[in-house]
Every structure is written in structure tokens, then in C-alpha cells.
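Just so it is clear, none of the values below were taken in a lab; they were calculated from the coordinates. What you see is a predicted model, and the numbers here were worked out from it, not measured in a lab. Glycine gets a Cβ as well: all are built from the backbone with ideal geometry, and neighbour counts include every protein chain shown.
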Amino acid sequence: MTHSSQPSPLEARKSSPLNGRVRVPGDKSISHRALILGALAVGETRITGLLEGEDVLNTAQAMRMLGAKVERQAGGQGAGEAVWSVRGVGVGGFAVPSGALDFGNSGTGCRLVMGAVAGCPITATFDGDASLRSRPMRRIVDPLALMGARVTGQSDGGRLPLTLAGARDPLPIEYRSPVASAQIKSAVLLAGLSAPGVTTVIEPEHSRDHTELMLTHFGADVVSVADGAHGRKISLTGQPELHGAAVTVPADPSSAAFPIVAALIVPGSDITLDDVMTNPLRTGLFTTLREMGASIEESHVRRDAGEPMARLRVRASKLRGVEVPPERAPSMIDEYLVLAVAAAFAEGTTVMRGLKELRVKESDRLEATAAMLRVNGVKVEIAGDDLIVEGRGHVPGGGLVATHMDHRIAMSALVMGCASDVPVKVDDTAFIATSFPDFIPMMQRLGAEFA
């Protein structure tokens, strides 16, 4: 597997004010999709700002194993910025891989590539690390089976390692997703590229739309319309010829969440983050933090390949507890962990509703988040799928946080330690490399004290 078995513990101590200007890594969701669609396109796709974390590098290697030519080239528009070149095989053109496709810790990479493979007449085995092997895949492969793909081998409960035989004659379907999940939607749409006619996904709430925007950027015909009060109906016309395209990956709002919350809770802090994606389907955290009283200012707004981005200035703020509605969950599902940290430093109770999806991430993030807070002296409760945090304006700290091989728990705990009364210890930070390889040195450049 991808990761070393040696844990890498770390302690975060109360920091002086955080200051500086940084660009957090490229967005992971965009990075995965740029590689996958580049591999399914005809011609060359050139990608700048790609997140070079383990998750994305595993997707790049999977694309190589499926027949695409993927190369990292030094130099770009920015100083020292790498450009990634992908020469694709065309829709339905993946080759049989020579071995298992190992996605390490990445559920996104694994599930999206399952969709892409499902539309090709090949068989591939999908695998990952211990964390990914524990996560459910059935809700992805069930709709793919309706399109003609077959699972020919799997672990108990539909888990990895899983062998998928793609459809020789993929069928277009209309699929009503039981949950708002960009991964389910994307897998079905990617499989639908190879099917004649129109493939449609109907979701109960509008999940992040990066796949639709990027499919359009590469030349596919995608139509997205409202369906009911909060839902969405997305239709893709199958068998397009996708063409290689230039993609500039914006900075990841999920990664930006960590220095943003750190700056808000460490008194006197004032930081600037460049080119952060501001797609409204990804900025629920920013909305919530502003409701809590956070000072987050936007400037230098622009778009690239349909995705909006802006420069953010964040200053330390006195936060107050709020209620976060369940319909906001799809726009901030990865950010609830670090929002819980902000809530612990706020005055008053914060209620985060409708967090069922957190139970099927890298770990049971709902339980892990509550445990992270409790061990550091914060009063927290889980009521059904709701997380309730009692903020008292400060966090005692002093706890040892079990990360469960989850990068976001590790980063959230380190952020908490930057402002807690007593240092916070994290049992393992090795998995941070899956999404944010430069997190620790970048936070130290801003003034965070880790040891």
C-alpha cells in the first residue's frame, strides 16, 4: 500500500499571531477530474496548479495503467510551477491494466475511476489502503450495474479490493440518487460517456458540480436543471468526442479551511490566501463562518474553466455559536471537522445538522470529531446525525487525538492546538500528505508552533 506503517506524531502549541500570504494547494476535486477527463479526451490536456498529493498522484498512476500518457513537466507560468501533460485515449478507450489500481486513501479517485472504467469493455481491480478498504463501494457499483458493468470479485460488504468488468455495450439510464453525492453522480456520468443516448442523474440536493463544469470544458453536452425545491437533474449526451483542454486548478477551499480557521481563532492574526475556489457549491464553510462573525474579505475575483476563484483576507474574529442547516451539508461536507474547532472557540452553542454523510468518509468523522473535542475538554454531543458543540470562547486542550488514518482529523486537531490553553497532540500526521503535503511547513511559515 501507499503509506508507511510508521506513525508520525506531532504537537501543536499556542501560537503567536499568524501572518503572511500563501496559496494553498490546488483543489483535489478538480485535480482528479482534470486527470480523468484528460485521459478520456483526444489530444493533449495541460494542467497547471495540480495538487501533487498522494491521492491525486495515485489517480495519475491509474490513468497511466489504463493507457493514457501522463507526464509531469517542470516550469509553467508561475515560478517553478509544474505543468502536467495528459495524452488521452478517447472515450471508451481505456486498456486493461497490468495490475490492480491502487488509490491509497482516496475515495474520490477510486469511485470516479470506477465510473470511467464501467463504460469500457475491460476488467480492472480497484484497491487501496486499510482506510479505503473499510469504506463502502456498493452505492457506486449498484447504478453502474444498471448500465451493464459487473462486479466479478469483492471483499465482504462490497468493499475493496473489488474487480469490475466494464460494459461492452453500456446502457444510458435515468438514475435517482438516494443521497446528494458528487461521487455517485460523477461515476454515473463518466460511465454514461460511453453509452448511446442520454444518461440522467437526479439528486435530492445539488451536490458539487465540478464534473458537469469540466465535462462541458472538454466538449461534452451537459444540461443541468432544477428538480424540486433543492434537487437537480443532470443529463449527459453520450458518446461525445472529448478534446484535450488547458486546465488551471484553483486553490482548494477545503485545504484553505484550515489556515482560515486558525487565523480566526489565534488572536491578532491577519493572513491572505490567493486564488481560492469560490464555487457556491463548495463555500458553505465560508458562509457559516461569516454568520459566526468571521472577517473574510474577497478580492481579485476571476474564473478559469468555469470555476470562480478569489483572494481571501482573513483576520482574527470573535465568533458566536450558530445553527447550520442540513441543506448546507453538500457544500461543506469535508469542512465540518474544522468548523467544529471554530465552534469550540466560539461563544455559545453551534448545532450542525444532517451529517449522516460524515459516517462514510475516511473514518466515521462524526464520532471522530466528537472524540477530538472531548479529549481536549470541549463539551460536545451527537444527536442522531447532528453535532452539537458548546463553545466557551477557549479550548482547554491537553489531549491526544486519535486520527484514524484521516488527514482532516489530523489537520483539524493541529489547528485547534494553535489556540488552545495547553498543547494538543496528534497520534499520526503521515496521512496529511494525501491532500495537503505542505500543510505543516506552510502553517509554520504563517507562525504556527508545531513540535
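Structure notes:
- Footprinting exposure proxy for 199, 272, 288 (fewest neighbouring C-beta atoms within 10 Å first): 272, 288, 199
- Given their separation in residues at 0.36 nm each and the Cα-Cα distance between them, residue 71 and residue 392 gain 110.5 nm when the chain is fully extended.
- Rounded to the nearest whole Hz, the Karplus-based 3J(HN,Hα) values (6.51 cos²θ - 1.76 cosθ + 1.60, θ = phi - 60°) of the stretch 314-324 follow the sequence 10, 10, 3, 9, 7, 9, 10, x, 9, 9, 9, with x at glycine and proline.
- A full extension of the chain between residue 301 and residue 445 corresponds to an added length of 49.3 nm, given 0.36 nm per residue minus the alpha carbon distance.
- Whether the stretch 28-248 is rounded, prolate or oblate, judged on the alpha carbon gyration tensor where a/c under 1.5 counts as rounded: rounded
- Amide N of the stretch 114-128 lying under 17 Å from the label point, which is placed 7 angstrom from the Cα of residue 169 along Cα→Cβ: 119-122
- Sequence-distant lysines (8 or more away, or on other chains) whose Cα lies within less than 19 Å of residue 185: 28, 233, 356, 361
- Packing-based ranking, highest mean first, of 218-228, 144-154 given that Cβ atoms within 10 Å are counted: 144-154, 218-228
- Rg to Rh, two decimals, where the stretch 310-411 supplies the alpha carbon set and Rh follows Kirkwood: 0.95
- Shape metrics for the stretch 177-289, restricted to C-alpha atoms - Rg then Dmax, Å: 17.2, 58
- Compactness of the chain - radius of gyration and Dmax, Cα, Å: 21.1, 61
- In straight-distance terms, cross-link reach from residue 14 covers every one of the lysines whose alpha-carbon lies under 19 Å from its own, apart from those fewer than eight places away in the same chain; here that gives 318, 425.
- Treating r as the C-beta distance of residue 155 and residue 224 and R0 as 51 Å, the FRET efficiency rounds to 0.90.
- Rounded to 5, the percent of DSSP beta bridges in the stretch 28-248 classed as antiparallel: 75 percent
- Tensor-based shape of the stretch 143-209 (alpha-carbon gyration tensor, a/c under 1.5 rounded, otherwise prolate or oblate): oblate
- Rounded if a/c under 1.5, otherwise prolate or oblate - the stretch 1-62, Cα gyration tensor axes: oblate
- Listed from fewest to most Cβ neighbours within 10 Å, the set 211, 248, 403, 48 follows the order 48, 248, 403, 211.
- For residue 148, net neighbour charge (Lys/Arg +1, Asp/Glu -1) across residues whose Cβ lies under 12 Å away: +1
- Neighbour counts of other Cβ atoms within 10 Å put 271, 382, 36, 122 in the fewest-to-most order 382, 122, 271, 36.
- Residue 11 versus residue 98: modelled label distance in nm, points set 7 Å from Cα along the beta carbon direction: 4.7 nm
- For residue 24, residues with placed amide H under 5 Å, excluding near neighbours: 274
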